[in-house]
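Encoded as structure tokens, the structure appears first; notes follow it.
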Amino acid sequence: MRIVLVGPPGAGKGTQAAFLAKNLGIPHISTGDLFRANISQETELGRQAKSYMNAGNLVPDEVTIGMAEDRMRQSDAENGFLLDGFPRNVSQAVALDAFLDGTGTKLDAVLDLEVPEDEIVKRIAGRRICRNDSAHVFHVFYASPKTEGVCDVCGGELYQRGDDTEATVRNRLDVYHRETEPIIDHYKAQGLVVTISALGKVEEVTRRAMAALPQLRH
Ligand code: AP5
Ligand code: MG
């Protein structure tokens with residue numbers, strides 16, 4: 001299965017992707033996590049991405065598309081993947097269409113997570129992620145770790161993302177509405193979009209997503 005997850009910052013894409021990828025037996029590919037790993041390893045790609053991310057702007061397509069395609073070409077992604085945070089504008093969506101055409105594959109679904117803005121602010125304000133792997137996501141109230149400040153998965157130190165400040169979150173939301181929302185119409189034209197509410201407990205949202213996905217299987 002090849003799925004794209006879309007939704008505003010803080011909607012719960014990363015949280016849901018971890019469970020859905022496990023349930024569906026496909027890798028979770030997050031361009032945000034890939035960028036953060038490159039930043040912590042101090043690679044050239046991380047250096048290029050850092051200033052854009054800290055400001056809440058999109059990293060240029062020339063950097064992002066190649067990185068996403070390299071990841072999708074890896075052997076664990078041969079039979080499918082769950083994309084989280086990519087594509088993020090129409091030109092990335094067009095590039096993904098071309099990439100899939102070139103490999104003789106296609107998307108099965110675009111899962112659109114809907115959350116009201118006041119809930120987004122609460123989710124982002126309390127988010128803590130792991131220094132070892134930014135895919136390990138917690139929340140001080142809603143998904144608290146067993147030991148404060150320590151990752152349940154690997155024992156790493158939990159910290160607040162540098163782009164989770166109020167001003168940057170406001171910009172990320174603007175960028176989402178301006179640049180990313182139009183991809184929903186792009187995929188509606190292909191009949192791929194399924195929209196679910198991402199309100200409620202994490203497990204409830206996962207159940208809702210799993211129930212919605214088979215409708216789009218070809
Ligand atoms: P990215 O890392 O993708 O960030 P984002 O899209 O802003 O999304 P978030 O990771 O903030 O939110 P999420 O939806 O994953 O929510 P989460 O599961 O953590 O991108 C960061 C930056 O990288 C971008 O700004 C850009 O600069 C760059 N970038 C990345 N991809 C790019 C691309 N394709 N092109 C160009 N630039 C790119 O949940 C949030 C919190 O809520 C957590 O604390 C969680 O525990 C909690 N939570 C989750 N679900 C629930 C629930 N049901 N109830 C209560 N709490 C919940
Ligand atoms: Mg995320």
For residue 131, solvent-accessible area (1.4 Å; no DNA, RNA or ligand), Å²:
130
Quick one: 3J(HN,Hα) in Hz for the range 92-102, Karplus 6.51/-1.76/1.60 with θ = phi - 60°, rounded, Gly and Pro as x.
5, 5, 5, 5, 5, 4, 5, 4, 5, 3, x
Rounded to one decimal in nm, the spacing of the 7 Å Cα→Cβ label points at residue 98 and residue 42 is 3.6
Under a Cβ-Cβ limit of 4.7 Å, which cysteines in the chain have nobody to pair with?
154
From the backbone phi of the range 38-49, what are the Karplus-calculated ³J(HN,Hα) couplings (6.51 cos²θ - 1.76 cosθ + 1.60, θ = phi - 60°) in whole Hz, Gly and Pro given as x?
5, 5, 6, 8, 6, 7, 4, 4, x, 4, 5, 7
Tell me which lysines have Cα within less than 29 Å of residue 146's Cα, excluding those fewer than 8 residues away on the same chain?
13, 22, 122, 201
Taking amide H positions as placed 1.01 Å from N in the peptide plane, with prolines and chain starts having none, which residues 5 or more places from residue 7, or on another chain, fall under 5 Å of its amide H?
113
The chain: relative contact order from alpha carbon pairs under 8 Å, six or more residues apart, as a whole percent, is 30
Work out how much length residue 207 to residue 76 would gain on full extension: take 0.36 nm times their residue separation and subtract the Cα-Cα distance, in nm to one decimal.
44.7 nm
If you roll a 1.4 Å probe over the heavy atoms of the protein chains, what accessible area per residue do you get for the chain, in Å²?
50
Step through the residues of the range 109-125 one at a time and calculate ³J(HN,Hα) from phi using the Karplus curve (6.51 cos²θ - 1.76 cosθ + 1.60, θ = phi - 60°), rounding each to whole Hz and writing x for Gly and Pro.
6, 10, 9, 9, 8, 9, 9, x, 4, 5, 5, 4, 4, 5, 5, 6, 4
Can you give me the % of accessible surface on the range 1-140 that is carbon or sulfur? Probe 1.4 Å, all protein chains present, nothing else counted.
48
State to the nearest 20 debye the size of the charge dipole of the range 70-211 about its Cα centre, where the only charges are +1 on K and R beta carbons and -1 on D and E beta carbons.
200
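The values are calculated or read from the model by the stated rules, or taken from the named source; none is laboratory data. Source: prediction; values computed, not measured. Positions of Cβ are generated from backbone atoms using ideal geometry, with glycine treated the same way; all protein chains shown enter the neighbour counts. Quick note on the areas: whole protein, heavy atoms, side chains included, nothing else; ligands and nucleic acids left out. Shrake-Rupley method; radii C 1.70, N 1.55, O 1.52, S 1.80 Å.
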